[in-house]
């Protein structure tokens, strides 16, 4: 009978230390979940245009819904109110296009026809100064034929994107109309899939989202309109030709945060510079003063409490949105950032180690009171009717916080 020699101890010198093998096994369910998650992320990336259409449609709904509700308070049915608001919106857009597009095309054509004369006048002005003389040579040596050949593919791509934007805009408009018509059923379906313990929070989020989106879009429309009117009046008063074309471009460019003022001022100042140096200085100074007035007074007054974001968050959100999705991302960055901050606030999310202050404690107490009232009033009711009651309770709570009036007596 033979015996095997004992294994050397790990502590004995001259002998290797025994190593343990670690095996990592991935469960089939985990692999399936990872594949499903990867497929969902890929599909989400493919559906980005559709999601943007949905977001734009929801923004239109948030903008026009207060108007429909105002008509309902005056005794007009919801269907008639929706029809009146959307027809008025279509007629308004058509009227603006009919009044501006023909004149804009005429003035743009005039600018193109006299481009060589305007370019020579501008080059002659630059040639009078030593630092701008190289710009004069560059202006005189521009060859549009070569530029058009080199940028033909870019022009075709831009035309394709423009058609896509128009098509997506029309789709967002009609999707918003359908959402408004089926609003009660869609809201009831949303509340049906969310546990009733979270209905009050959901209703507050929906109301605040409507305030954010509606306030943002109305603010954008008003600031762009005011910018276009100011440029048109300023250039007309200074006898600068083609004032409508520059005003329309300035109104559109004003949508872009930070870059809007640069894109607005450069064409207007160059057009005024062709007329005279004094005119260019006046136009530059007036546009700079108006931009300061817009950022300091007009925007806070127009937006009100719709967007409550620190300046650092605004700048970071614009950088992220513009980097990810270009102009559309920059336009949606601010309402998306405001929505994220609002949801965090409404869910009462606190950082680790952070103790709630007195205001947070009072909000939590009011939340508990509202949830108890909601449970009492919606016992046995379907989701659609319960959603309407939740929105009513949250709306009363919101008015109480804004006005400081006592909370209405529960019904």
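The values are calculated or read from the model by the stated rules, or taken from the named source; none is laboratory data. Not measured: the values here are computed from a predicted model. Positions of Cβ are backbone-derived with ideal geometry, glycine not excepted, and every protein chain shown enters the neighbour counts.
For the stretch 264-284, name all the residues that are in contact (Cβ under 8 Å) with a residue 12 or more places away in the chain and more than 12 Å from residue 238 (Cβ to Cβ). Scanning the stretch 264-284 gives 264, 265, 267, 270, 277.
Kindly establish whether residue 226 is crowded, with 18+ Cβ neighbours inside 10 Å, outside the structural domain of residue 399 (by TED's automatic domain parsing) and over 21 Å from residue 65 (Cβ atoms). Break it down stepwise before answering.
On the way: crowded, with 18+ Cβ neighbours inside 10 Å: no; outside the structural domain of residue 399 (by TED's automatic domain parsing): yes; over 21 Å from residue 65 (Cβ atoms): yes.
Considered against the rule, which asks whether it is crowded, with 18+ Cβ neighbours inside 10 Å, outside the structural domain of residue 399 (by TED's automatic domain parsing) and over 21 Å from residue 65 (Cβ atoms), residue 226 comes out as no.
Out of the residues in the stretch 77-96 meeting the condition of being at pLDDT 85 or above and surrounded by 14 or more Cβ atoms within 10 Å (Cβ to Cβ), tell me which one is nearest to residue 206 (Cα to Cα). Here the answer is 82.
Find the residue count for the stretch 301-311, including only residues that are assigned to a helix (DSSP H, G or I) and either modelled with pLDDT of 70 or more or surrounded by 17 or more Cβ atoms within 10 Å (Cβ to Cβ) (or both). Explain how you work it out, then say what you get.
Initially, the stretch 301-311 is screened for residues assigned to a helix (DSSP H, G or I), giving 301-303, 311.
Cutting the leftovers down to either modelled with pLDDT of 70 or more or surrounded by 17 or more Cβ atoms within 10 Å (Cβ to Cβ) (or both) gives us 301-303.
Total satisfying the criteria: 3.
Considering each residue of the stretch 70-89, count those that are free of Cβ contacts under 8 Å to residues at least 12 places away in the same chain and more than 21 Å from residue 171 (Cβ to Cβ), and give that number. Show your work before the answer.
Start the filter on the stretch 70-89 by keeping residues that are free of Cβ contacts under 8 Å to residues at least 12 places away in the same chain, which leaves 70, 72-78, 80, 83, 87-88.
From what is left, the residues that are more than 21 Å from residue 171 (Cβ to Cβ) are 70, 72-78, 80.
Result for the stretch 70-89: 9.
Screening residue 246 against (1) more than 29 Å from residue 317 (Cβ to Cβ); (2) more than 26 Å from the chain's Cα centre (by Cα); (3) part of a helix (DSSP H, G or I) leaves a single unmet condition, (2).
Looking at residue 235, is it within 27 Å of the chain's Cα centre (by Cα) and either part of a helix (DSSP H, G or I) or buried (at least 20 other Cβ atoms within 10 Å of the Cβ) (or both)? Quick ask: steps written out before the conclusion?
Numbers: within 27 Å of the chain's Cα centre (by Cα): no; either part of a helix (DSSP H, G or I) or buried (at least 20 other Cβ atoms within 10 Å of the Cβ) (or both): yes.
Against the criterion (within 27 Å of the chain's Cα centre (by Cα) and either part of a helix (DSSP H, G or I) or buried (at least 20 other Cβ atoms within 10 Å of the Cβ) (or both)), residue 235 does not qualify.
For the stretch 272-300, name all the residues that are over 23 Å from the mean Cα position of the chain (by Cα), in a helix (DSSP H, G or I) and at pLDDT below 80.
Just the residues of the stretch 272-300 that are over 23 Å from the mean Cα position of the chain (by Cα), to begin with: 272-290.
After this cut, where a residue has to be in a helix (DSSP H, G or I) as well, the list is 272-275, 277-290.
273, 274, 275, 277 - these are the residues of the stretch 272-300 that are over 23 Å from the mean Cα position of the chain (by Cα), in a helix (DSSP H, G or I) and at pLDDT below 80.
All conditions but one from (1) at pLDDT below 70; (2) farther than 24 Å from residue 228 by Cα; (3) out of contact with any helix residue (DSSP H, G or I) (no Cβ under 7 Å at 6 or more places or on another chain) apply to residue 340; the one that does not is (1).
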